[in-house]
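Engineer: Have a look at this one.
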Amino acid sequence: MGEKPPNVNLDDSVVACALHTYGAGQRKTPGDHMIDLYTFGTPNGRKITIMLEEVGLEYTPHIIDIQEDDQFKPDFVKISPNAKIPAIVDHETGMSLMESGAILMYLATKTGMLWPQEGEAKWRVVEWLMWQMGGPGPFLGQAHHFLAFNPGKSAYAEERYREEAKRLYTVLDTRLGEVEYVAGDYSIADIAIWPWISRFEWQQQDLHDFPNVLRWYLAIADREAVKRGHAVATKYPDIPMP
Ligand SMILES: N[C@@H](CCC(=O)N[C@@H](CS)C(=O)NCC(=O)O)C(=O)O
């Protein structure tokens, strides 16, 4: 299911974004950077554009328009066997990789940034990264499907995913009442979670009901790398503000 708000045509965004490529913070010639990124302007895609902007690796984004079924094209499936964005090719190592959590861990390991490797700090990041991959990713994705894209199709599903979204926000709010960032310091775990929370409106959640999430959301939204990463491969470059 593509990521678009109801009643909005994304065609223009694909055209607009296909004209531009971005290094960390600047536009460059397509295809001559260390990292090729295959993506679309969705929460899972934004995890990687934000990460690449944070660590400063040069990359070329390639639009995979999931509303036009680009994700099923054989050349893309070769590097992303699950036929979903995001995926990367690292020309320094020759490796390709799918799955946003794996890509975040790869880029953190490659750069030595945003994932401490010692003791408890290492495993707190893994814990909250896995929470995102198993909780907010799939369940908030279903909230988008039923609440934002297909309202009126199933009252049961709308209620179920609105309530699960609220439960996940409550878990996050409790955690962020104890620590500044989910794993202590700002890390790939925050980068994995934040783009999903940026769709609070689609999930029918009010960030003011979750004051610790609100504080964390605004702090991350204020980072220059996040602003840049959020604006790649999308017609909607502005970060939603509660
Ligand atoms: N677990 C995967 C999920 C990736 C995913 O669901 N990508 C969506 C866009 S956010 C996609 O490509 N959807 C196209 C489709 O389902 O056909 C990850 O975290 O990378």
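The values are calculated or read from the model by the stated rules, or taken from the named source; none is laboratory data. All values derive from a computational prediction rather than experimental measurement. With ideal geometry, Cβ positions are generated from the backbone for all residues, glycine too; neighbour counts draw on all protein chains shown.
Engineer: Just to be sure, is Gln67 at pLDDT below 95 and either assigned to a helix (DSSP H, G or I) or surrounded by fewer than 19 Cβ atoms within 10 Å (Cβ to Cβ) (or both)?
Structural biologist: Numbers: at pLDDT below 95: yes; either assigned to a helix (DSSP H, G or I) or surrounded by fewer than 19 Cβ atoms within 10 Å (Cβ to Cβ) (or both): yes.
Criteria met by Gln67.
Engineer: State whether the residues of region 169-184 include one that is surrounded by 14 or more Cβ atoms within 10 Å (Cβ to Cβ), within 16 Å of the ligand (Cβ to nearest atom), among the β-branched types (Val, Ile, Thr) and within 19 Å of the chain's Cα centre (by Cα).
Structural biologist: Looking through region 169-184, none of the residues is surrounded by 14 or more Cβ atoms within 10 Å (Cβ to Cβ), within 16 Å of the ligand (Cβ to nearest atom), among the β-branched types (Val, Ile, Thr) and within 19 Å of the chain's Cα centre (by Cα).
Engineer: In addition: Among (1) under 19 Å from Gly229 (Cα atoms); (2) crowded, with 20+ Cβ neighbours inside 10 Å, which single condition is Thr111 missing?
Structural biologist: Checking Thr111 against (1) under 19 Å from Gly229 (Cα atoms); (2) crowded, with 20+ Cβ neighbours inside 10 Å, the one that fails is (2).
Engineer: What helices (runs of 4 or more DSSP H) completely inside region 83-186 contain at least 3 residues that are at pLDDT 95 or above and of a type in the set (S, T, N, Q)? Give the derivation first.
Structural biologist: Details: elements: 100-111, 119-134, 155-176.
In region 83-186, 100-111 are the helices (runs of 4 or more DSSP H) which contain 3 or more residues that are at pLDDT 95 or above and of a type in the set (S, T, N, Q).
Engineer: Could you please tell me which pairs satisfy a Cβ distance under 7 Å, a separation of 6+ or placement on different chains, a first residue in region 197-222 that is acidic (Asp, Glu), and a second residue that is modelled with pLDDT of 95 or more and part of a loop (DSSP other than H, G, I, E, B)?
Structural biologist: Glu201/Pro240
Engineer: Tally time: how many residues in region 27-82 are more than 22 Å from His144 (Cα to Cα) and small (Gly, Ala, Ser)?
Structural biologist: Total satisfying the criteria: 3.
Engineer: Please enumerate the residues belonging to region 107-137 that are among the hydroxyl-bearing types (Ser, Thr, Tyr) and either in contact with a Ser or Thr (Cβ under 6 Å, 6 or more places away or on another chain) or without any contact (Cβ under 8 Å) to a residue 12 or more places away in the chain (or both). Walk me through how you get there before you give the answer.
Structural biologist: Filtering region 107-137 for residues among the hydroxyl-bearing types (Ser, Thr, Tyr) gives 109, 111.
Within region 107-137, just Thr109 meets the criteria.
Engineer: With respect to Ile197, determine if the residue is within 19 Å of Gly101 (Cβ to Cβ), modelled with pLDDT of 95 or more, out of contact with any Phe, Trp or Tyr (no Cβ under 9 Å at 6 or more places or on another chain) and buried (at least 19 other Cβ atoms within 10 Å of the Cβ).
Structural biologist: For Ile197, the condition - within 19 Å of Gly101 (Cβ to Cβ), modelled with pLDDT of 95 or more, out of contact with any Phe, Trp or Tyr (no Cβ under 9 Å at 6 or more places or on another chain) and buried (at least 19 other Cβ atoms within 10 Å of the Cβ) - is not met.
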